[in-house]
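Chemist: Okay, handing you the structure first.
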């Protein structure tokens with residue numbers, strides 16, 4: 001009987017130890033200017049302290065003349081997978097040059113070994129003229145389910161945007177109706193805002209949702225020679241231990257409005273560590289003497 005009780009307790013402890021939160025273990029942020037002759041970039045370096053990490057790269061771009069898409073990401077022997085991509089025309093007025101084109105992408109890879117000051121090469125399709133901003137935000141996550149890293153709920157990856165240009169039609173930056181099918185999860189909120197002087201702080205402002213507090217993971221900022229014009233992006237995270245149903249993620253909960261923003265909401269599945277080795281089965285009563 002005592003052996004059976006101990007076996008049950010050990011099984012319970014192992015189950016709870018497997019349901020661990022994800023954790024951000026490393027970050028890297030870098031910005032660049034894309035032109036017709038410059039469309040291959042080297043990211044900032046990132047280092048990990050343990051193997052089996054999920055590496056996520058958030059890549060927003062705002063370009064004057066024509067859309068530019070990422071065609072490849074290489075480096076570190078990793079295999080990169082595109083999680084999400086959206087393209088929008090921002091206008092009719094963007095900066096002083098008419099329409100702009102926004103490309104926002106999320107890619108991920110599994111790093112089974114350690115990364116030591118590892119950089120990656122990101123190649124875009126060329127642009128015909130002018131220039132644009134590109135931003136490279138990278139972060140490593142431990143504790144993720146490496147076989148199926150992202151929550152499979154059909155509401156993910158959620159996207160909302162306002163690309164009405166300047167002055168455009170300002171709206172509150174938020175995403176609604178996001179749900180999860182797994183718990184625990186790490187919720188991810190990505191934000192890209194262009195020309196944010198009227199917004200008063202951009203994607204670095206606090207994030208709100210019905211589920212709790214957020215932590216900023218990494219952010220980036222570009223500014224051109226016209227000091228009023230700039231672009232800002234950020235990634236925020238929050239660990240949740242219960243399923244989410246139709247929640248809202250928003251920049252600075254309240255009545256703040258702006259134009260020219262793209263938001264994404266996603267979730268990484270956590271608590272899926274490899275199972276422990278099986279316990280020794282308890283002996284049958286009286287098999288070897290006294291039943292304990």
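The values are calculated or read from the model by the stated rules, or taken from the named source; none is laboratory data. Note that this is a predicted model, so its numbers are computed, not measured. Note that each Cβ is placed from the backbone with ideal geometry, even for glycine, and that neighbours are counted across all protein chains shown.
Chemist: Go through segment 28-45 residue by residue and tally those that are over 12 Å from residue 135 (Cα atoms) and either without any contact (Cβ under 8 Å) to a residue 12 or more places away in the chain or more than 20 Å from the chain's Cα centre (by Cα) (or both). Please lay out each step first, then the result.
Modeler: Let us first name the residues in segment 28-45 that are over 12 Å from residue 135 (Cα atoms), namely 35-40, 45.
Now drop any that are not either without any contact (Cβ under 8 Å) to a residue 12 or more places away in the chain or more than 20 Å from the chain's Cα centre (by Cα) (or both), which leaves 35-40.
Adding up the residues that qualify gives 6.
Chemist: Would you confirm whether or not segment 161-184 contains a residue that is buried (at least 23 other Cβ atoms within 10 Å of the Cβ), at positive phi and not in a strand (DSSP E or B)?
Modeler: No, segment 161-184 contains no residue that is buried (at least 23 other Cβ atoms within 10 Å of the Cβ), at positive phi and not in a strand (DSSP E or B).
Chemist: Which residue is farthest from the chain's Cα centre (by Cα), if the candidates are limited to segment 68-112 and must be part of a loop (DSSP other than H, G, I, E, B), surrounded by 14 or more Cβ atoms within 10 Å (Cβ to Cβ) and at pLDDT below 90?
Modeler: 93
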